Amino acid sequence: MTDKDSLWLERFSNFLASERQLSPLTCRNYLYELQRIKLLKPELSLLSADRDELQGILAKLHRQGLSPRSIALSVSAIKQFYEFLRREKVVEANPARTLKAPKQNKPLPKNMDADGVSALLSMDGDDPLLLRDKAMMELFYSSGLRLAELAALDTGDIDFSTREVRVMGKGSKERIVPVGSKAIAALQDWLKIRGTFPCQDNALFLAKTGARLSHRSIQSRLARWGVEQGSSGRVHPHKLRHSFATHMLESSGDLRAVQELLGHANLATTQIYTSLDFGHLAKVYDGAHPRARKGNK
């Protein structure tokens, strides 16, 4: 490695730490990726490499058996390094701008079958934490909420008269989602005793201290109930959300309605409800969701 390469790699590392404020581990990982690239072609100066040379090095990493995920990290490090050099006027253009990493095979999220969900939610008792946790899990599965969406709910976001919940999704996009009768009943049971907690605000779900329940606490409680109820595999918010989507799609066959209910970015906003028939969505929901129908055991 030339002295100039070493100098600019050091400056890049300092830039990541001081201006980008990335963690020491991330800085080390980026530096490691760039040094590994250099070792594969020692005669190459990073300051004068072109796109074809960089793509060739990535291809070599791929032939050596490096995973697509690892190569994607290499691509990210290269792109950011050359963008830094361009900003510092060391190079005129970023030769890595159009580099591509191999496609990563995303693992399919796992879901629970309807019997597994029923077993999980068969909690019985009047303990305040049990009532709170049952309401949370029923709402996750009833309405397909994300962890952040559920944690952010206030008491006023539930409309018991229409059996709907107002959700603030990604990108501060609001949507209205139906709530099944089982979740409504569980929420009502929880709200009857919520006032016994030292409430600090209008958060729907509270910790014992009265503060809004944190993401980590919600995840921990679901995992604990999964163990206690004998669920196969770890129970977490996304598993309930994915189970909701899977069961809805299997029963209804209406992909567009399911996407809308999930709040996917390209479909789910309250503005879109002006052009979509929400009554149709509610009908699909009521007819298809395992725990939406009144009297369903």
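If you take the alpha carbon atoms of the stretch 1-48 and fit the smallest convex hull around them, that volume is 60 Å³ per residue. One chain, two ends: ALA148 and ALA211. Fully extended at 0.36 nm per residue, the span grows by 21.1 nm beyond their Cα-Cα distance.
Cα convex hull, the stretch 29-87: 73 Å³ per residue, rounded to a whole number. The accessible area of SER251, taken with all protein chains in place and a 1.4 Å probe, comes to roughly 70 Å². Relative to its residue count, the stretch 81-165 spans a Cα convex hull of 223 Å³ per residue. For the stretch 108-224, the per residue solvent-accessible surface stands at 46 Å², with DNA, RNA and ligands left out and a 1.4 Å probe. In terms of distances greater than 30 angstrom between alpha carbons, the cross-link table entries LYS4/LYS103; LYS38/LYS170; LYS134/LYS173 yield LYS4/LYS103; LYS38/LYS170. Taking only the Cα atoms of the stretch 180-221, the radius of gyration and Dmax are 11.0, 29 Å. As a rough guide to protection, the peptides 177-190, 57-70 ranked by mean Cβ packing within 10 Å, highest first, stand as 177-190, 57-70. Once you reduce the stretch 141-179 and the stretch 181-221 to the center of their Cα atoms, the two points are 14 Å from each other. In the context of the full set of protein chains, the stretch 35-86 has a per residue accessible area of 50 Å² (1.4 Å probe). The share of C-alpha pairs in the stretch 1-124 whose separation exceeds 17 Å stands at 62 percent.
Please say if the stretch 100-220 is rounded, prolate or oblate, where rounded means a/c under 1.5 for a ≥ b ≥ c the square roots of the C-alpha gyration tensor eigenvalues, and otherwise the choice is prolate for a/b larger than b/c and oblate otherwise? Note, shape of the stretch 100-220 comes out prolate. Pairs of Cα atoms nearer than 8 Å and 6+ residues apart set the relative contact order; for the stretch 43-101 it is 44 percent.
A 1.4 Å probe, protein heavy atoms only, puts the accessible area of LYS134 near 50 Å².
The values are calculated or read from the model by the stated rules, or taken from the named source; none is laboratory data. Owing to the predicted nature of the structure, the values given are computational and were not obtained by experimental measurement. We place every Cβ from the backbone using ideal geometry, glycine too, and count neighbours over all the protein chains shown. Each accessible area value is taken on the protein alone, full model and side chains, heavy atoms only, with ligands, DNA and RNA left out. Shrake-Rupley method; radii C 1.70, N 1.55, O 1.52, S 1.80 Å.
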